[in-house]
1. Have a look at Ala40, Ala55 and point out the one that is at negative phi, within 16 Å of ligand 1 (Cβ to nearest atom) and either without any contact (Cβ under 8 Å) to a residue 40 or more places away in the chain or surrounded by 21 or more Cβ atoms within 10 Å (Cβ to Cβ) (or both).
2. Considering each residue of segment 220-231, count those that are touching a residue at least 60 places away in the same chain (Cβ under 8 Å), open to solvent by 10 Å² or more (accessible area, probe 1.4 Å) and within 29 Å of the chain's Cα centre (by Cα), and give that number.
3. So the check is Cβ under 7 Å with 6+ separation or different chains; which pairs have a first residue in segment 312-336 that's over 21 Å from Pro364 (Cα atoms) and a second one that's open to solvent by 60 Å² or more (accessible area, probe 1.4 Å) and aliphatic (A, V, I, L, M)?
4. Looking at segment 1-100, what helices (runs of 4 or more DSSP H) fall wholly within it and have at least 3 residues that are within 16 Å of ligand 2 (Cβ to nearest atom) and of a type in the set (A, V, I, L, M, F, W, C)?
5. Determine which member of the set Lys281, Lys307 is among the basic types (Lys, Arg), surrounded by fewer than 23 Cβ atoms within 10 Å (Cβ to Cβ) and within 14 Å of ligand 1 (Cβ to nearest atom).
6. (1) open to solvent by less than 40 Å² (accessible area, probe 1.4 Å); (2) under 30 Å from Ile17 (Cβ atoms): which one isn't true of Ala299, the others all being true?
7. With Val692, Val748, Val730 as the choices, which residue is under 30 Å from Leu615 (Cα atoms), of a type in the set (A, V, I, L, M) and open to solvent by 10 Å² or more (accessible area, probe 1.4 Å)?
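The values are calculated or read from the model by the stated rules, or taken from the named source; none is laboratory data. Quick caveat, the model's predicted, so the values are computed rather than measured. Cβ: placed from backbone, ideal geometry, glycine included. Neighbour counts: every protein chain shown. Ligands, DNA and RNA are stripped out before the accessible areas are found, and what is left, the full protein with its side chains, is counted by its heavy atoms. Shrake-Rupley method; radii C 1.70, N 1.55, O 1.52, S 1.80 Å.
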Amino acid sequence: MKVLKFGGTSVGSTDSIKQVGNILKQYHDSKVSVIVVVSAQKGITNLLQDIGSWAVEGDVDQVNQGVVTIQDRHFQTVKELLPIKDQSQVLAHIKRVINELEEVIHGVTLLKELSARSKDLVLSFGERLSAYTIHNYLKHLGLPSIYVDSRELIQTDAQFGAASVNFKKSNENIVQYFDDRQGLPVVTGFIAANDLGQTTTLGRGGSDYTAAILAAALDASEIEIWTDVDGVMTADPNLVSRAFSLPALSYVEAMELTHFGAKVIYPPTLQPAFAKNIPLKIRNTFNTSFEGTVISKEAHTPDMPIKGISSIQFVALVNVQGSGMVGVPGIASRLFGALGRNKINIILITQASSEHSICFAINPEQSDIAKSVLDEEFGFELNSGLLDPILIEQNHSIIAIIGENMRKTPGIADKLFGALGKNGINVVAIAQGSSELNVSVVIEERNLSKALKVLHGAFFLSNRRLLNLFMVGTGLIGRTLLQQIQKQFEFFYHQRLLEIRLIGVANTRKMLIDPNGISIEDWKETLESNGTDTELSVFVQQMKDLNLPNSVFVDNTAGSEVPAVYQQVLKSSISIVTPNKVANSQSMQQYTSLKQTAFRKRVKFLYETNVGAGLPVIKSLNDLVLSGDRITRIEGVLSGTISYIFNSFNGSKKFSEIVQEAQEKGFTEPDPRDDLNGMDVARKILILAREVGLSLELDDIEIEPLLAPVCFEASSVDEFFEVLEGQDPVMADKIQEADKQGKVLRYVATLENGSASISLKPVGIDHLFYSLSGSDNIIAFSSDRYQEKPLLIRGPGAGAEVTAAGVFADLIEVSDFLVG
Ligand code: ADP
Ligand code: ASP
Ligand code: MG
């Protein structure tokens with residue numbers, strides 16, 4: 001014999017009740033004998049509770065409306081499920097039950113008081129109406145249904161609201177009642193009665209418990225809890241969209257999971273099942289072919305060190321501390337004794353071995369009473385300063401990771417704290433049961449959703465990581481980057497098990513943030529149609545408020561506005577990837593402080609494309625420095641634009657013509673002087689110098705101007721070109737001079753002996769930089785290890801494709817560091 005329990009959603013609509021009918025018909029046809037336990041229709045228990053409160057407040061309209069809603073819902077169900085000829089008798093019975101409810105509520109309205117006892121009576125109507133409705137529907141299907149009011153079977157004490165079961169009496173009642181009864185009993189869940197016959201309840205969610213009590217009394221072979229999800233999942237699917245269902249759990253694992261908030265089973269349910277070793281199956285009414293989860297004595301899932309993550313959203317944290325606690329026996333027993341006597345439930349306790357403090361978590365609703373109980377119990381200690389004033393902090397949550405295999409697996413705590421730390425989530429308190437079945441951490445409530453996703457990713461999906469991308473700047477580089485991501489998406493998704501999700505995008509005009517992700521294919525149209533006017537501070541604030549794990553902010557702009565927000569972005573534990581050189585070439589103090597913030601927050605700040613576009617310049621330099629090499633000299637041609645100009649300047653064309661050509665081809669800034677003034681190269685060599693560890697400012701760099709000052713005095717680009725023509729002879733002289741010696745001109749940045757300079761140098765055929773072509777960059781690192789021949793990095797140093805690829809590479813580097 002099996003006991004089947006159907007929850008609120010399973011009996012909450014006509015379609016779902018039909019589904020219940022199908023399941024029961026199948027059992028009936030296969031001659032499996034079952035007892036059915038049902039909950040109230042979804043939402044009805046809450047509504048009854050509200051009606052009770054409205055009655056106390058004297059809000060008659062709300063009360064009446066509430067009662068009508070309950071009546072209508074059940075009438076409607078009956079009308080949809082039963083043929084007309086069978087309806088009237090059932091509707092009349094429902095009406096009688098509703099009248100009884102009205103009488104009870106009327107009493108509450110008159111007294112303006114809802115005792116725990118009356119409240120239980122009020123709540124009992126949900127299960128009574130639901131069970132009666134289903135019983136009639138099953139009869140209509142031709143099943144031998146019998147309506148059973150569980151108040152006649154389950155006897156409890158008089159602790160209304162969450163009564164304790166008198167198992168001896170209840171078991172006798174149950175055994176006797178079902179002794180030779182044939183048919184298909186449909187039993188009201190959740191409700192019971194005390195020895196005076198007064199209605200009690202088993203606590204919210206208690207219908208599961210009813211099923212287990214019946215099953216244990218009757219030695220059932222199995223309990224099936226039919227609900228609206230695919231069994232017990234790795235986390236609450238409402239909070240973690242990527243949660244998946246577990247095939248098996250042990251009783252103790254299930255107890256821990258449910259104690260820490262997994263609402264899918266009411267925790268006391270497990271006890272009777274455990275005691276009688278009856279397997280519990282959690283199944284989905286709306287996905288009947290799915291096996292669901294089996295909870296039994298042993299759950300063999302050796303490959304899963306943890307089984308689930310659950311959480312309690314709101315707890316209050318109580319701190320009892322003071323010098324008077326150290327070495328004084330009996331404090332803890334007085335503390336917990338006083339709380340226990342006052343029925344204050346303790347969810348978690350931690351005590352430091354110094355014995356200076358005890359910290360524990362309670363239900364926030366019990367904060368006031370806890371405070372007054374403790375103030376009274378420790379009045380003497382508090383007055384004499386042996387204890388500090390008792391501190392209760394609100395808005396905390398508990399997250400627990402659970403699994404029996406944790407015991408055998410090292411590294412769990414490391415993963416737990418590493419994942420939280422990398423995402424900027426502070427752990428306020430920790431508790432681990434000595435059984436190593438559960439590690440619980442207390443965090444601030446505002447971080448709960450993020451923490452659940454982070455931990456779920458780290459423990460269950462370490463195979464597939466998610467990177468949440470926020471991108472500012474949709475110019476050539478930004479657009480190209482998104483194209484590249486789109487092209488590589490499938491590869492990363494399947495081969496590297498990395499999902500890149502575009503959550504936010506902004507340009508100078510419009511911005512858009514969508515926590516569900518913006519299509520990378522249609523980002524442009526989506527931004528156009530759904531975006532709002534750009535306000536960088538709002539974009540950053542929304543990004544911070546979303547508080548998504550593994551967030552990366554990509555700045556594809558070139559100006560100084562966006563770098564101004566880097567500090568606060570990093571402070572919010574969000575990594576930054578950028579080709580923008582501004583932040584790193586401002587003051588040394590700013591450069592250092594960004595690096596420090598990234599380090600402290602354990603996030604990445606990557607800017608490989610600051611020098612040499614997609615060439616691995618900064619990474620290689622860092623590798624040398626970090627591995628203990630000493631850099632003695634850096635020499636490089638660092639501007640793709642200037643490189644292009646000098647590679648084309650071989651005497652056959654005038655210098656001004658070449659600059660004009662370069663501008664027309666889009667190789668220069670709109671005003672070519674922004675390239676030719678040497679500042680871009682100066683910023684690059686400055687960044688390299690800083691990466692080596694030198695403390696330099698932009699002013700410290702000696703720049704030999706490429707052009708005479710008059711060029712920079714011209715008031716427009718056109719005027720500049722006119723002036724530049726005047727310089728052609730000077731430039732022609734320079735190149736002829738070099739040519740005579742068999743040399744070419746290169747604009748070379750050098751860092752040596754702690755100082756940096758940039759100058760136009762003639763280089764001969766034996767020089768490494770002689771043979772550059774196109775927009776090539778070249779960087780030569782000389783060091784203790786690379787003394788004779790420098791380490792050379794050479795290749796195209798400009799262009800959207802290679803720069804975007806460099807930004808992409810940085811993104812991949814961030815993802816290697818992610819935690820799911
Ligand atoms: P019923 O009304 O069938 O008793 P409940 O609402 O009481 O259903 O419990 C099922 C719900 O529990 C699910 O819809 C889900 O939102 C929630 N839940 C929380 N944690 C978990 C978990 N670890 N696995 C499955 N469901 C969970
Ligand atoms: N109807 C009750 C509640 O909502 C019991 C249950 O659903 O298990 O708490
Ligand atoms: Mg439930």
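1. That would be Ala40, the only listed residue that is at negative phi, within 16 Å of ligand 1 (Cβ to nearest atom) and either without any contact (Cβ under 8 Å) to a residue 40 or more places away in the chain or surrounded by 21 or more Cβ atoms within 10 Å (Cβ to Cβ) (or both).
2. Of the residues in segment 220-231, 3 are touching a residue at least 60 places away in the same chain (Cβ under 8 Å), open to solvent by 10 Å² or more (accessible area, probe 1.4 Å) and within 29 Å of the chain's Cα centre (by Cα).
3. Pairs that qualify, where the first residue is over 21 Å from Pro364 (Cα atoms) and the partner is open to solvent by 60 Å² or more (accessible area, probe 1.4 Å) and aliphatic (A, V, I, L, M), are Gly322/Leu386; Ser323/Leu386; Gly324/Leu386.
4. 44-57
5. Result: Lys281 is the single residue among Lys281, Lys307 that is among the basic types (Lys, Arg), surrounded by fewer than 23 Cβ atoms within 10 Å (Cβ to Cβ) and within 14 Å of ligand 1 (Cβ to nearest atom).
6. Going through the list (1) open to solvent by less than 40 Å² (accessible area, probe 1.4 Å); (2) under 30 Å from Ile17 (Cβ atoms), Ala299 breaks only (2).
7. Val692
Table: residues versus (1) under 22 Å from Gly206 (Cβ atoms); (2) not in a helix (DSSP H, G or I).
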residue	(1), (2)
Glu113	no, yes
Arg128	yes, no
Ala131	yes, no
Asn136	no, no
